[in-house]
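Enquirer: Okay, here's the structure, questions in a sec.
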Amino acid sequence: MAIMLPSVLSAQEVIQSELVQVSSSWARASVGTMRPTAAYLTVVNTGEQMITITGVVSEIAGRSSIHETSVSAEGVGTMKPVKEVHLSPGGTLEFKPGSYHIMLMELNEPLLEGASTSMSLMFEDGSQKLFSVPILSIGARSADAK
C-alpha cells in the first residue's frame, strides 16, 4: 500500500512572486546619504489570483517602504506609507512620480547616476521578487530619462 504525502503547496496555492513581472524600474540619484530618494517600477500580475505586495527590501537603504502620493482638492500633495498593495489578476500597477513609489531612506551609500542596485518586492505569502534598478539623474521623471 502506497502512502501519499501532502505536497507543500496544493494545486490551488501559487507562489505570488512567480506571478509577477517587474519592468521599467529606476531610481533617482541621491544627494549624499542623508536625504532619501525614490524608486519606481511597473508590476504586472500574470496570474489568475489577487496578489498582495507587503513591502520592499533594498540592499542600498537601511529602510525602504512603499509610499503613495495624493493631491487634495486644494492642490496640496501629501505622501504616506502604504502597508500593502493589492494587484488584481492580469492587472498592472505603475509606481511613478506623483503616485505609488518606493522610498529609500537611511542610505548606506549614495545612489550614483549610471550605477544600479537591487531590490526585492515582498508578498503576503512570504515570497520575494528580486529585480535590478538602474540609477538615473536626480531630475529624472521616467525610466526613459537619460
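The values are calculated or read from the model by the stated rules, or taken from the named source; none is laboratory data. Nothing here was measured: the structure is a model prediction, and the numbers come from that model. Neighbour counts run over all protein chains shown; Cβ positions are idealised from the backbone, glycine included.
Enquirer: So which of LEU121, LEU130 is surrounded by 14 or more Cβ atoms within 10 Å (Cβ to Cβ) and of a type outside the set (Ser, Thr, Tyr)? If you could, list the steps in order and put the result at the bottom.
Expert: Details: LEU130 fails: surrounded by 14 or more Cβ atoms within 10 Å (Cβ to Cβ).
Answer to the check: LEU121.
Enquirer: Test of understanding: among VAL31, VAL44, which residue is out of contact with any Pro (no Cβ under 6 Å at 6 or more places or on another chain) and modelled with pLDDT of 95 or more?
Expert: Values: VAL31 fails: modelled with pLDDT of 95 or more.
From the options VAL31, VAL44, the qualifying one is VAL44.
Enquirer: Can you pull out the residues in segment 94-119 that are more than 21 Å from PRO81 (Cβ to Cβ), within 17 Å of the chain's Cα centre (by Cα) and in contact (Cβ under 8 Å) with a residue 24 or more places away in the chain? Reasoning before the result, please.
Expert: Just the residues of segment 94-119 that are more than 21 Å from PRO81 (Cβ to Cβ), to begin with: 109-110, 112-116, 118.
Checking the rest, the ones that are also within 17 Å of the chain's Cα centre (by Cα) come to 116, 118.
Once the filter is applied, which keeps residues that are more than 21 Å from PRO81 (Cβ to Cβ), within 17 Å of the chain's Cα centre (by Cα) and in contact (Cβ under 8 Å) with a residue 24 or more places away in the chain, segment 94-119 yields only SER118.
Enquirer: So how many residues does segment 42-62 have that are assigned to a strand (DSSP E or B), free of Cβ contacts under 8 Å to residues at least 60 places away in the same chain and surrounded by 12 or more Cβ atoms within 10 Å (Cβ to Cβ)? Even if it seems obvious, please write down each step before you answer.
Expert: First, the residues of segment 42-62 that are assigned to a strand (DSSP E or B): 42-45, 51-58, 61-62.
With the extra rule that they be free of Cβ contacts under 8 Å to residues at least 60 places away in the same chain, the set shrinks to 42, 44-45, 61-62.
Now narrow it down to the ones that are surrounded by 12 or more Cβ atoms within 10 Å (Cβ to Cβ): 42, 44-45, 61.
The number of residues fulfilling the criteria is 4.
Enquirer: Within segment 72-84, how many residues are part of a loop (DSSP other than H, G, I, E, B) and within 16 Å of the chain's Cα centre (by Cα)?
Expert: Taking segment 72-84 and keeping what is part of a loop (DSSP other than H, G, I, E, B), we get 72-76, 82-84.
Cutting the leftovers down to within 16 Å of the chain's Cα centre (by Cα) gives us 82-84.
Total satisfying the criteria: 3.
Enquirer: Sticking with this structure for a sec: May I ask you to verify whether GLU74 is surrounded by fewer than 14 Cβ atoms within 10 Å (Cβ to Cβ) and either farther than 20 Å from PRO36 by Cα or free of Cβ contacts under 8 Å to residues at least 24 places away in the same chain (or both)? If you could, list the steps in order and put the result at the bottom.
Expert: On the way: surrounded by fewer than 14 Cβ atoms within 10 Å (Cβ to Cβ): yes; either farther than 20 Å from PRO36 by Cα or free of Cβ contacts under 8 Å to residues at least 24 places away in the same chain (or both): yes.
Yes, satisfied.
Enquirer: Against the definition (within 12 Å of ARG28 (Cα to Cα) and either part of a loop (DSSP other than H, G, I, E, B) or touching a Lys or Arg at 6+ places or on another chain (Cβ under 7 Å) (or both)), how does ILE102 come out, yes or no? I'd like the intermediate steps shown before the answer.
Expert: On the way: within 12 Å of ARG28 (Cα to Cα): yes; either part of a loop (DSSP other than H, G, I, E, B) or touching a Lys or Arg at 6+ places or on another chain (Cβ under 7 Å) (or both): no.
It is false that ILE102 is within 12 Å of ARG28 (Cα to Cα) and either part of a loop (DSSP other than H, G, I, E, B) or touching a Lys or Arg at 6+ places or on another chain (Cβ under 7 Å) (or both).
So that you can scan it fast, the table gives a plain yes or no per residue for (1) in a loop (DSSP other than H, G, I, E, B); (2) within 20 Å of ILE15 (Cβ to Cβ):
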site	(1), (2)
TYR40	no, no
SER70	no, no
PRO89	yes, yes
PRO97	yes, no
PRO110	yes, no
GLU113	yes, no
MET122	no, yes
GLY139	yes, no
